[in-house]
Amino acid sequence: MRVLSISSLYPPHHLGGYELVHHGVDERLRASGADVRVLVTDHVEPGAVGRPDDPGVHRELRWYWRDHAFPRLRPRAVLALERHNHRVLRRHLAEHRPDVVVFWAMGGMSLSLVGAVRRAGIPAVFVVHDRWPIYGPVFDRFARLTRPLRRAAGPVARRLGTDRPRGPEGTVLLNSLRLADELVRTRSIPPGWRVLAPGVPLPDAPAPERPWAGRLLCLGRLDERKGVDVVVDALALLPVETRLTVVGGGDPSVAAALRARADAAGVGGRLELRAAVDRTALPALFAEHDALVFPVRWSEPFGLVPLEAMSHGRPVVSTAVGGQAEYLEDGGNALVVPVDDPGAVAAAVRRLAGDPDLRARLRDGGLRTAAGLDETRFQEGVETAIRRAAGR
């Protein structure tokens, strides 16, 4: 089976869990004998963990996103970008002759590529793990440029290819019921979708249990929506021996703001900022910390970070917004706190510090949750959908 996988970003030049999940599925497909070619943008992420690309990864597409924004483009630039992307796609379709095309993160991308694949008669699978079917058409400059033409002259527009579908169609796999609800309410996906929750790779063994030492961990991309500033504020409410390690890449200005915030609160010496790490470093990272704190303030479609901590046997303090609310159980596998509430975060940490039985209960509950969401099950489900679409 020949698979062409199309997305915006791909490890190591990635921003979050979506791309890691994508990479894991591609690895599984290759291991099962599939010939996988990956076509993504030429985006280079500053501070990315350095490692060579996997075989078959082609960083040739261009997109409408730049420096965490969607800049305005002149019509000439829009057309040049679209022509480039379609030339690249045609070449890869001719060279690789895929049995199926799998679309992943398409926000900020040329959504006209979806129509090109459809017109080529190639089955497609859409693995949708964020809201790109909602915001993607808004920022697709080509769609906006050609909208008047599509309205004015249907047959002419079809000959020019400007009536191409702008979102998922056919086989659509979503990662949470929360995301499904949004996409259905906005009529952004067709009927027939289904939810397939992702998971994380299970380590050979969880991190050993340890006496409480007040070592807190925040893990993930440095982004104001992640709520790391809330943990810094909570740190000022906790005993002086409590320390916070923040691990992740992202916007340097966010890191600088966190450092300034900690200094202003008098806890600068208790905050450590580290660069992003590869998944292979996670066992050692979790082993040196007592708990993960994840007070994200935006509705992530499916937060994987709490699940990573659970798989390594570390208790979790987290908000229950977005998709992770579907697996967080307050008092069972995590302590759930309100959004933007440093006092609640500090209180939850104090509960963990003073109650070894609670820590043990959350550890056991978290390990069970992670085992039920092992990434292998998700990958099997996606592979089955891809093979079914390809007729294999």
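From the set of residues in the stretch 313-322 that are surrounded by fewer than 24 Cβ atoms within 10 Å (Cβ to Cβ) and in contact (Cβ under 8 Å) with a residue 24 or more places away in the chain, which is nearest to residue 196 (Cα to Cα)? Among those residues, the one meeting the criterion is 322. Here the condition is being within 25 Å of the chain's Cα centre (by Cα), surrounded by fewer than 18 Cβ atoms within 10 Å (Cβ to Cβ) and either under 20 Å from residue 286 (Cα atoms) or assigned by the TED database to the domain that holds residue 237 (or both); of 364, 374, 357, it holds for 374 alone. Flag not set for residue 95, criterion: among the acidic types (Asp, Glu), buried (at least 17 other Cβ atoms within 10 Å of the Cβ) and in a helix (DSSP H, G or I). Criterion applied to 227, 199 was being touching a residue at least 40 places away in the same chain (Cβ under 8 Å), surrounded by 18 or more Cβ atoms within 10 Å (Cβ to Cβ) and at positive phi, and the one residue passing it is 227.
With respect to residue 387, is the statement that it is modelled with pLDDT of 95 or more and within 17 Å of residue 34 (Cβ to Cβ) true? So residue 387 passes the test. Here residue 207 qualifies as closer than 17 Å to residue 315 by Cα and out of contact with any Asp or Glu (no Cβ under 6 Å at 6 or more places or on another chain). Restricting to the stretch 317-370, name every residue that is closer than 24 Å to residue 180 by Cβ and hydrophobic (A, V, I, L, M, F, W, C). 320, 321, 325, 328, 334, 336, 339, 370 - these are the residues of the stretch 317-370 that are closer than 24 Å to residue 180 by Cβ and hydrophobic (A, V, I, L, M, F, W, C).
Residue-wise test of (1) crowded, with 17+ Cβ neighbours inside 10 Å; (2) of a type outside the set (Gly, Ala, Ser); (3) at pLDDT 95 or above; (4) over 23 Å from residue 18 (Cα atoms).
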| residue | (1), (2), (3), (4) |
| --- | --- |
| 207 | yes, no, yes, yes |
| 211 | no, yes, yes, yes |
| 220 | yes, no, no, no |
| 232 | yes, yes, yes, yes |
| 237 | no, yes, yes, yes |
| 240 | no, yes, yes, yes |
| 249 | yes, no, no, no |
| 266 | no, no, yes, yes |
| 282 | yes, yes, yes, no |
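Do we find that residue 295 is touching a helix residue (DSSP H, G or I) at 6+ places or on another chain (Cβ under 6 Å) and not acidic (Asp, Glu) in this structure? Yes: the conditions hold for residue 295.
Screening residue 20 on (1) buried (at least 17 other Cβ atoms within 10 Å of the Cβ); (2) within 22 Å of residue 114 (Cα to Cα); (3) touching a Pro at 6+ places or on another chain (Cβ under 8 Å) shows it passes everything except condition (2).
The values are calculated or read from the model by the stated rules, or taken from the named source; none is laboratory data. This structure is a prediction, so every number in the text was calculated from the model and none was measured. Note that each Cβ is placed from the backbone with ideal geometry, even for glycine, and that neighbours are counted across all protein chains shown.
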